[in-house]
1. Within segment 14-26, can you find the residues that are crowded, with 16+ Cβ neighbours inside 10 Å and within 18 Å of residue 48 (Cα to Cα)?
2. Any chance you could count how many residues in segment 36-76 are at pLDDT below 50 and over 21 Å from residue 13 (Cβ atoms)?
């Protein structure tokens, strides 16, 4: 039985996921094939490529949306002990 993945606006393409995750499309495909990122091949439904649930992309980001890199940097800077 195939996993249920809505192919509507709640899914991303490989390119969209790569932009959000700040990865290359090739790395996203590698993660999909390895099962590190949830998705189904469109070939299973007669097309080409992958459909990736938006929640799977957002779950891979530090704060559930976008990259969160500026937030992580600020948090790490705040965690440093003060200069003595």
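1. 14, 17, 18
2. 9
The values are calculated or read from the model by the stated rules, or taken from the named source; none is laboratory data. What you see is a predicted model; the values in this text were computed from it and never measured. All Cβ positions, glycine included, derive from the backbone under ideal geometry; neighbour counts span all protein chains shown.
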